[in-house]
Amino acid sequence: MKEVVVLSGKGGTGKTSIVGSFASLAKNKVLADCDVDAADLHLLLRPETQEKNEFWSGQAATIDEDKCTQCGLCQELCRFNAIKDYKVDPISCEGCGFCSHICPADAITMKDNMSGHWFISKTRYGELVHARLGIAEENSGKLVALVRQKARELADKKKADYIISDGPPGIGCPVISSLSGADLALLVTEPTLSGIHDLERVYEVCRHFNVPALVCINKYDINESNANKIEDYCQQQGMGTVTRIPYDNAVTEAMIHGIPVVEYSHNGLSSKIAALWDKIVNKLGG
Amino acid sequence: MIISVASGKGGTGKTLVATSLAVSLKDKCSLQLVDCDVEEPNDHLFLKPVIDKKEPVAIPVPKIDETKCTFCGKCAEVCAYNAIAVLPKNVLVLPNLCHGCGACSYLCPEKAITEEDMIIGVVESGHAGNIDFIQGRLNTGEAMPVPVIRKVKEKVSPDKTVIIDISPGTSCPVVESVKGSDFCLLVTEPTPFGLNDLTLAVETVRKLGILCGVVINRAGDNQGKMEAYCREQNIPVLMTIPLDTEIARLYSRGITLAEGMPRWQEKFESLFRHIKELVDERSSSLKR
């Protein structure tokens, strides 16, 4: 079983539309949505929830007003400025528990935090593991790790050939959590200066974690000279040939209809995406 | 006044709006542009600032003096992030898991733990013409953007007009960046993904008690649902930017909309006036 994760660095380059299409094209796979704080894959795959689970992670401090002597030690020692006027700001609290260990009046306790939900759902393309981080919550990296673990368990049980994950934007903890230990990263970029800049950074993260990468330039025809620059960069880095996908309104139209674009449109765009999936399968040695 | 530019979904045009707003206002008021998208900062590509100061951002991570350590295990017990493992004859520190809270060094009974700085990113400051420019940059391979964002925000001068560009999403980096703003401009696109993520962004901003308004980017004839949502939620739609390949091409070359199509400057100025009215209205209603 092989795992491919779709990343981009920059947001909005088309990761989810591509993963939705792979869902339709690939056989015998489990799908995972690793973008847990702004998940969108469900809008294309229209899952039917089979299992909903709470995600408990991290803790937040609470101060017992009756016991608190207002000595101020917790406020002085908290490095996250999370305690003001002997009250904890749950948004700033990082749950380190330092205050609870040092409070001389034993007035601070740490309470477990329910920070989201994760789901196993049925879609017409097979199972999807996805999650929803609570608003303004932390620990998205841990929730991503959990989504991947559940996807792997499911893939083992079903003897699936592939796990296809839709990753989050950026390069920080949820990205690292989506990437580390995967077999391949597909980096979806666009031919803009931002797209190039962000691609280079996310590719550095791939190298850091020793995950091989393939690149796809979405909407390449918005700026062909930038598309050529990306291609040159990928060649220099030894990433092999780059897939170019043209700008096409069908992507947005398919999204509005809630179906993967390869099912909505049968023009050049869809054949490019199909060829990209074949390339991934090849690269994964499947 | 601090205006943050956020979105939920990535790639909706935060950078386009933040940089064009800055360029349109630069001769009208004393302005600071702050790029808090430290994972993928892009504003510099459009403003091409002169950077004259780079300050490394470090978090304090524990360093164990094994000549003093008795391997009692207290540090590992108090570490909420499993960043320390105490073995019978040595101690393993996993700096990438450390949040730098300082509990281990303070609570070590042998005073065997000191802290050393681990550099995770940089804060760069400079100027682009008369715009004060600040950005943070997380080093690739590092997981924690929040300490870099905190350092960037220490540079915010609230007596100026401050525009903060925020990363996509709704979790901790977004909260840390948006916190303390007078207004949050939410940039979205009229697609199902855009609407889904806008509703999440609105929940986040409301949880922080910050006033917000919407900019609809890449608008065509399909934003009915989005406008209906905004009406229902009583969120003003302050600007609409059409779906236009010319705008996309300018963006691809790193040219702000305000410079590439100067007629937009007036629209961004009026966007700013509108925001200012909403902020003033709220502060006077809070005083009453």
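Of all the residues that make up segment B:110-135, how many are under 22 Å from A:C96 (Cβ atoms) and in contact with a helix residue (DSSP H, G or I) (Cβ under 6 Å, 6 or more places away or on another chain)?
So the first thing to find is which residues in segment B:110-135 are under 22 Å from A:C96 (Cβ atoms), and the list is B:110-121.
From what is left, the residues that are in contact with a helix residue (DSSP H, G or I) (Cβ under 6 Å, 6 or more places away or on another chain) are B:113, B:115, B:118, B:121.
Residues flagged as under 22 Å from A:C96 (Cβ atoms) and in contact with a helix residue (DSSP H, G or I) (Cβ under 6 Å, 6 or more places away or on another chain) within segment B:110-135 amount to 4.
So which of A:V144, A:V129 is part of a strand (DSSP E or B), within 15 Å of A:A32 (Cα to Cα) and assigned by TED's automatic domain parsing to the domain that holds A:P174?
Numbers: A:V144 fails: part of a strand (DSSP E or B).
From the options A:V144, A:V129, the qualifying one is A:V129.
Take residues that are over 30 Å from A:F98 (Cα atoms) and not β-branched (V, I, T) and tell me which of the helices (runs of 4 or more DSSP H) falling wholly in segment B:1-94 contain 2 or more. First the steps, then the outcome.
On the way: elements: B:14-25, B:43-47, B:74-78.
In segment B:1-94, B:14-25, B:43-47 are the helices (runs of 4 or more DSSP H) which contain 2 or more residues that are over 30 Å from A:F98 (Cα atoms) and not β-branched (V, I, T).
Looking only at residues that are among the hydrophobic types (A, V, I, L, M, F, W, C) and in contact (Cβ under 8 Å) with a residue 40 or more places away in the chain in segment B:85-120, which one is farthest from the other protein chains (Cβ to nearest Cβ)? Spell out the reasoning first.
Pass one, segment B:85-120, residues among the hydrophobic types (A, V, I, L, M, F, W, C): B:85-87, B:91-94, B:97-98, B:101, B:103-104, B:107-108, B:112-113, B:118-120.
From the residues that got through so far, the ones that are in contact (Cβ under 8 Å) with a residue 40 or more places away in the chain too are B:104, B:112-113, B:118-120.
Details: B:C104: 9, B:A112: 17, B:I113: 13, B:M118: 14, B:I119: 15, B:I120: 10 Å.
This residue is B:A112.
Regarding segment A:2-19, can at least one residue be identified that is part of a loop (DSSP other than H, G, I, E, B), more than 9 Å from chain B (Cβ to nearest Cβ) and modelled with pLDDT of 95 or more? I'd like the intermediate steps shown before the answer.
Kept after step one, since they are part of a loop (DSSP other than H, G, I, E, B), are these residues of segment A:2-19: A:8-14.
Of the ones still in play, those that are also more than 9 Å from chain B (Cβ to nearest Cβ) are none.
No, segment A:2-19 contains no residue that is part of a loop (DSSP other than H, G, I, E, B), more than 9 Å from chain B (Cβ to nearest Cβ) and modelled with pLDDT of 95 or more.
With A:V251, A:V205 as the choices, which residue is outside any loop (DSSP other than H, G, I, E, B), over 20 Å from A:N282 (Cα atoms), facing another protein chain (nearest Cβ under 8 Å) and hydrophobic (A, V, I, L, M, F, W, C)? Break it down stepwise before answering.
Details: A:V251 fails: facing another protein chain (nearest Cβ under 8 Å).
From the options A:V251, A:V205, the qualifying one is A:V205.
For segment A:168-207, give me the residue count where each residue is under 14 Å from A:D35 (Cβ atoms), among the aliphatic types (A, V, I, L, M) and touching a Cys at 6+ places or on another chain (Cβ under 8 Å).
Adding up the residues that qualify gives 2.
Just to verify a result, which residue in segment B:216-243, among those that are out of contact with any Leu (no Cβ under 6 Å at 6 or more places or on another chain) and within 16 Å of B:G11 (Cβ to Cβ), is surrounded by the fewest Cβ atoms within 10 Å (Cβ to Cβ)?
Once the filter is applied, the top-ranked residue is B:L243.
Can you find even one residue in segment A:62-78 that is under 28 Å from A:G170 (Cβ atoms) and facing chain B (nearest Cβ under 9 Å)? Break it down stepwise before answering.
Taking segment A:62-78 as the starting set, the residues that turn out to be under 28 Å from A:G170 (Cβ atoms) are A:78.
Filter once more, keeping what is facing chain B (nearest Cβ under 9 Å): A:78.
Yes - at least one qualifying residue is present in segment A:62-78.
Please verify whether segment A:129-138 includes one or more residues that are surrounded by 19 or more Cβ atoms within 10 Å (Cβ to Cβ), closer than 21 Å to A:I280 by Cβ, in contact (Cβ under 8 Å) with a residue 24 or more places away in the chain and among the small types (G, A, S).
No, every residue in segment A:129-138 fails to be surrounded by 19 or more Cβ atoms within 10 Å (Cβ to Cβ), closer than 21 Å to A:I280 by Cβ, in contact (Cβ under 8 Å) with a residue 24 or more places away in the chain and among the small types (G, A, S).
Being closer than 29 Å to A:G268 by Cβ, in a strand (DSSP E or B) and not charged (D, E, K, R) narrows it down to one residue among A:L44, A:L31; which is it? Break it down stepwise before answering.
On the way: A:L44 fails: in a strand (DSSP E or B).
Within the list A:L44, A:L31, the selection yields A:L31.
Applying the selection to segment A:254-280, what residues are without any contact (Cβ under 8 Å) to a residue 12 or more places away in the chain and assigned to a helix (DSSP H, G or I)? Break it down stepwise before answering.
Filtering segment A:254-280 for residues without any contact (Cβ under 8 Å) to a residue 12 or more places away in the chain gives A:256-257, A:266, A:271, A:278.
Answer for segment A:254-280, where residues must be without any contact (Cβ under 8 Å) to a residue 12 or more places away in the chain and assigned to a helix (DSSP H, G or I): A:I256, A:H257, A:S271, A:D278.
Would you pick out the residues in segment A:67-93 that are free of Cβ contacts under 8 Å to residues at least 24 places away in the same chain and in a loop (DSSP other than H, G, I, E, B)? I'd like the intermediate steps shown before the answer.
Quick first cut of segment A:67-93, residues free of Cβ contacts under 8 Å to residues at least 24 places away in the same chain only: A:70, A:72, A:75-76, A:78-86, A:89, A:92.
Selection gives A:Q70, A:G72, A:C78, A:R79, A:F80, A:N81, A:A82, A:D85, A:Y86, A:D89, A:S92.
Anything in segment A:142-181 that is more than 24 Å from A:G195 (Cβ to Cβ) and crowded, with 21+ Cβ neighbours inside 10 Å? List them, or say none.
Within segment A:142-181, A:L143, A:V147, A:R148, A:K150, A:A151, A:A155, A:A160, A:Y162, A:I163 qualify.
Kindly provide the set of residues from segment B:11-52 that are of a type in the set (A, V, I, L, M, F, W, C) and more than 14 Å from chain A (Cβ to nearest Cβ), ordered by number.
Step one: of segment B:11-52, the residues of a type in the set (A, V, I, L, M, F, W, C) are B:16-18, B:21-23, B:25, B:29, B:31, B:33-34, B:36, B:38, B:45-47, B:50-51.
Matches in segment B:11-52: B:L21, B:A22, B:V23, B:L25, B:C29, B:L31, B:L33, B:V34, B:V50, B:I51.
Checking A:S225 against (1) surrounded by 14 or more Cβ atoms within 10 Å (Cβ to Cβ); (2) of a type in the set (S, T, Y); (3) facing chain B (nearest Cβ under 10 Å), only one condition comes out false. Which one?
A:S225 satisfies all of (1) surrounded by 14 or more Cβ atoms within 10 Å (Cβ to Cβ); (2) of a type in the set (S, T, Y); (3) facing chain B (nearest Cβ under 10 Å) except (1).
When you scan segment B:244-288, how many residues do you find that are in a helix (DSSP H, G or I), among the hydrophobic types (A, V, I, L, M, F, W, C) and in contact (Cβ under 8 Å) with a residue 12 or more places away in the chain? Spell out how you get there, then give the answer.
Quick first cut of segment B:244-288, residues in a helix (DSSP H, G or I) only: B:245-252, B:257-260, B:263-287.
Subsequent filtering for residues that are among the hydrophobic types (A, V, I, L, M, F, W, C) retains B:247-248, B:250, B:257-258, B:264, B:268, B:271-272, B:275, B:278-279, B:286.
Narrowing further to those that are in contact (Cβ under 8 Å) with a residue 12 or more places away in the chain: B:247, B:257-258, B:264, B:268, B:271-272, B:275, B:278-279.
Qualifying residue count for the region: 10.
Is it the case that some residue within segment A:191-202 is at pLDDT 95 or above and in a loop (DSSP other than H, G, I, E, B)?
Keep residues of segment A:191-202 that are at pLDDT 95 or above, which gives A:191-202.
Checking which are in a loop (DSSP other than H, G, I, E, B) leaves us with A:191-192.
Yes, there is a match, as at least one residue in segment A:191-202 is at pLDDT 95 or above and in a loop (DSSP other than H, G, I, E, B).
Failed condition for A:N210, given (1) over 17 Å from the mean Cα position of the chain (by Cα); (2) surrounded by fewer than 24 Cβ atoms within 10 Å (Cβ to Cβ); (3) more than 13 Å from chain B (Cβ to nearest Cβ), with all others met?
Tallying (1) over 17 Å from the mean Cα position of the chain (by Cα); (2) surrounded by fewer than 24 Cβ atoms within 10 Å (Cβ to Cβ); (3) more than 13 Å from chain B (Cβ to nearest Cβ), A:N210 fails exactly one: (3).
Give segment B:100-122 a look and list any residue that's buried (at least 22 other Cβ atoms within 10 Å of the Cβ) and closer than 28 Å to B:D35 by Cβ, or say none.
B:G100, B:C101, B:I120, B:G121
Pick from B:V146, B:V123, B:V162: which is farther than 30 Å from A:A254 by Cβ and within 13 Å of chain A (Cβ to nearest Cβ)? Give the derivation first.
Values: B:V123 fails: within 13 Å of chain A (Cβ to nearest Cβ); B:V162 fails: within 13 Å of chain A (Cβ to nearest Cβ).
Going through B:V146, B:V123, B:V162 in turn, just one is farther than 30 Å from A:A254 by Cβ and within 13 Å of chain A (Cβ to nearest Cβ): B:V146.
The values are calculated or read from the model by the stated rules, or taken from the named source; none is laboratory data. Computed from a prediction, not measured in an experiment: that's the story for all the values here. With ideal geometry, Cβ positions are generated from the backbone for all residues, glycine too; neighbour counts draw on all protein chains shown.
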